[in-house]
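Peer 1: Submitted below is the structure of interest, expressed as structure tokens.
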């Protein structure tokens, strides 16, 4: 960490829980973010600004007019462009020292596993159930901490899965593949600020894990209702019969 870093991250370093040691952990970290839409557009700028050393971002989609209502990292001039590549440019503008790999592709489970072997944590910011399950399976295989978020209508949810810790449940323990269904915002709609609330909370939880601070919230499903401005927490345990981690 040079003098420029010490100045840039001084507001982190002033926090006793982070300090120079915690900030250095962020600078040394590599984070995979799957999805550069509503959740990713909220989480990624904070990860870059906070000094995460390397970001791997993946999304095979392009920006369209319907995204602009909530994906505030993008502008009208970006319509038709790759989300991952456009996001990479925005993040470089926020923090030129962050190493950014933009993947304009839909990641298979094998590809996810390969990437997670090189990463310290993964954020699930995607918008479909099949990809969430693939991310979870790869996280269990590689024992990579997973911060998962979702948002539809006026309701959001957040959960942390720590396959690197003993007896921590995985995504499939909570959402069985035979019964869970997608709640796509393209079908049901989504309240614009909701993705910001969930996405920035994902960034917060990821930074805490990387820096080794705060309370570990794995095994807890947190839900947020934007109409009532209330959070609820539901504790769940590892399923010994889980098809993924059991």
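Peer 1: List the pairs whose first member sits in segment 68-82 and is touching a residue at least 24 places away in the same chain (Cβ under 8 Å) and at positive phi, whose second member is surrounded by 15 or more Cβ atoms within 10 Å (Cβ to Cβ) and not in a strand (DSSP E or B), and whose Cβ atoms are under 6 Å apart, counting only residues at least 6 apart or on separate chains?
Peer 2: Hits for this filter: zero, empty list.
Peer 1: Looking at (1) crowded, with 21+ Cβ neighbours inside 10 Å; (2) within 29 Å of residue 139 (Cα to Cα), which is the one condition that is false for residue 9?
Peer 2: Answer for residue 9: the failing condition is (2).
Peer 1: Would segment 206-218 turn up any residue that is touching a strand residue (DSSP E or B) at 6+ places or on another chain (Cβ under 7 Å), part of a strand (DSSP E or B) and at pLDDT below 95?
Peer 2: Yes, segment 206-218 contains at least one residue that is touching a strand residue (DSSP E or B) at 6+ places or on another chain (Cβ under 7 Å), part of a strand (DSSP E or B) and at pLDDT below 95.
Peer 1: Of the residues 187, 195, which is in contact with a strand residue (DSSP E or B) (Cβ under 7 Å, 6 or more places away or on another chain) and either at pLDDT 95 or above or loosely packed, with under 13 Cβ neighbours inside 10 Å (or both)?
Peer 2: After applying the criteria, what remains is 195.
The values are calculated or read from the model by the stated rules, or taken from the named source; none is laboratory data. Please read these numbers as outputs of a predicted model, since none were measured by experiment. Cβ coordinates were reconstructed from backbone atoms using ideal geometry, including for glycine residues, and neighbour counts include every protein chain displayed.
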